[in-house]
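The structure under discussion appears below in the form of structure tokens.
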Amino acid sequence: MPFDRESLALLDEALAVLAEGFRHLPDARQTVDIAALREPLLAAARRLQDNAPYHHPLYLGHMQKPPHPIARLAYTLALWLNPNNHAYDGGRASSIMEQEAIGEIARMVGWTSSQGHLCSGGTLANFEALWVAREQHPGKGIATSSQAHYTHERLSGVLGTSFRSIAVDVRGRMDPAALEDALQDGTIGTVVATLGTTATGAVDPLDRILDLRARHAFRIHVDAVYGGYFTLADNLDAETRQAFDCVAQADSIAIDPHKHGLQPYGCGCVLFRDPAVRHHYRHDSPYTYLNPDDPHLGEISLECSRPGAAAVALWATQRLLPLESGGTFAQGLASGRMAALALHRSLAEDTRFVPLFPPQLDIVVWAVRADTASQASLRAHALHAAARKRDLHLSLVTLPKAMLEPSDPVRAWDTETIVCLRACVMKPEHREWMSEILTRLDAAVRSTGH
């Protein structure tokens, strides 16, 4: 699959426009020794061949979606200036572009007045939200579902707060009854609702968690690092739609533009419903912040230096593909979800496989049918390797008996978990490639003798 090279001509045109803004400066031309650059650059290109084809539709392994061409070009364009979005003095235009792009994401979730910024990714976005939560509820702990991302427990340790893991239902969603039991002792100050778990794409019942907040005093942070953009999709099931329709009632939210937002790594985002939380960030740096009337991004974030190029790329992408229901961007999300549903249906019709529940977003998980749980895990490993040999890239996930047993994948449970196959059907192209994906999957199964 060839990489896009035609767009490089547009980059040259954009660089000429950028240079026009600085033509008044005395000439300080830097010569570039192309011959010297050639060897290390081509050597890097050869080394990068040792990668899975993350950009190709036959890659369904992990949450890796290729950046949109406009994002690649805009990011690269900004590197000639290399702005730093810590302060206006280091990245004036790119800081304003970040604020505009963040405002569009906030409006997507239903907030017209909020506080937020970009960061390196979901881990730091969640960290900032949990840090603010700790400051808002000192001495209180943090609770997530047992299927939430592992970093929440780790971040709770870094913050010195207690952590509670809440049981999930058979579809991997937080169990509201188990949460209410945990809330009884009054030690939980923050509940993290996940909209799109890493393992299965499960969406916690945010509406029912909000009902509990009306009876117990706690803060709600929404970890929508993976699933946040699906609020724009028009083909969610009723339960999932209900959860996304409640997002505006949360206190904070984390979304990763470098997942479904078509951005290069790293581009995460944290948003707070109440702009007043900025007072928790207050600090003094007289050599950096020269305009006290308008807060610099570094005054409302934990990170200091941050790439202005990430903001430029996001701003340009959202200018091309607005975050609106029914728009081209939203249609891409819906297309990936349709492909995921098609994959799930095909797996359900194949007696060799046992898919879990239909996907709430675009992640599909299935077990390989076997006599015992341990044998099912071995077959999943073998099939994963056989598929890779056929350039079909999947991933593996270990799930507990409680989530698998209703699907009846094995006759005997000699272990409490099963290793399953997992596909992130997140590229719009996956829909038209589904026939080829299924053909290669069938060939891989046959090669393993099962």
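The values are calculated or read from the model by the stated rules, or taken from the named source; none is laboratory data. All values derive from a computational prediction rather than experimental measurement. Methodologically, a virtual Cβ is constructed for each residue, glycine included, from the backbone with ideal geometry; neighbour enumeration extends over all protein chains shown. We work out accessible area using only protein heavy atoms, side chains counted, and drop any ligands, DNA or RNA first. Shrake-Rupley method; radii C 1.70, N 1.55, O 1.52, S 1.80 Å.
Table for the structure above
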quantity: Portion, in percent, of the accessible area of the range 94-139 that falls on carbon or sulfur, probe 1.4 Å; calculated: 49 percent
quantity: Rounded Å value of the spacing that divides the Cα centres of the range 370-386 and the range 124-161; calculated: 35 Å
quantity: Taking only Cα atoms of the range 222-379, radius of gyration then Dmax in Å; calculated: 20.9, 69
quantity: Protection-proxy order for peptides 71-79, 340-348, 252-260, each taking the mean of Cβ atoms within 10 Å per residue, highest first; calculated: 252-260, 71-79, 340-348
quantity: The chain, relative contact order in percent, only Cα pairs under 8 angstrom and at least six apart counted; calculated: 20 percent
quantity: Where N is the number of residues in the range 1-107, Cα Rg divided by 2.2 N^0.38 Å; calculated: 1.36
quantity: Residue-normalised accessible area of the range 322-397, expressed per residue, 1.4 Å probe, Å²; calculated: 39 Å²
quantity: Calculated P(r) of the range 91-151 - Cα pairs past 16 Å, %; calculated: 61 percent
quantity: Net dipole in debye of the chain [+1 Lys, Arg Cβ; -1 Asp, Glu Cβ; about Cα centre; nearest 20]; calculated: 940 debye
quantity: Pair-distance profile P(r), taking every C-alpha pair of the range 104-189, with 10 angstrom steps and integer %; calculated: 16, 39, 36, 9
quantity: Computed [θ] at 222 nm, deg cm²/dmol, the chain (DSSP H ≥ 4; -39,500 (n - 2.57); rounded to nearest 500); calculated: -12500 deg cm²/dmol
quantity: Cα gyration tensor shape of the range 342-434, rounded if a/c is under 1.5, else prolate or oblate by comparing a/b with b/c; calculated: prolate
quantity: Principal semi-axes in Å for the range 179-264 [√(5λ), Cα gyration tensor, largest first]; calculated: 24, 14, 11
quantity: Hull shadow area, averaged, the chain [alpha-carbon convex hull, nm²]; calculated: 24.4 nm²
quantity: Solvent-accessible area of LEU81 with every protein chain in place, 1.4 Å probe, in Å² to the nearest 10; calculated: 100 Å²
quantity: Rounded Å value of the spacing that divides the Cα centres of the range 26-46 and the range 220-270; calculated: 40 Å
quantity: Accessible area (Å², 1.4 Å probe, nearest 10) - PHE244; calculated: 10 Å²
quantity: Sulfur and carbon atoms: percent of accessible area, the range 223-273 [1.4 Å]; calculated: 47 percent
quantity: Inter-part distance where the range 188-213 and the range 71-96 are each reduced to a Cα centre, Å; calculated: 35 Å
quantity: Rg/Rg_globular for the range 184-227, with Rg_globular taken as 2.2 N^0.38 Å and Rg from C-alpha atoms; calculated: 1.22
quantity: Intensity falloff of the range 50-121 expressed as log10 I(q)/I(0), Debye formula with alpha-carbon point scatterers, at q = 0.12, 0.26, 0.28 Å⁻¹; calculated: -0.50, -1.17, -1.22
quantity: Solvent-accessible area of PHE3 with every protein chain in place, 1.4 Å probe, in Å² to the nearest 10; calculated: 150 Å²
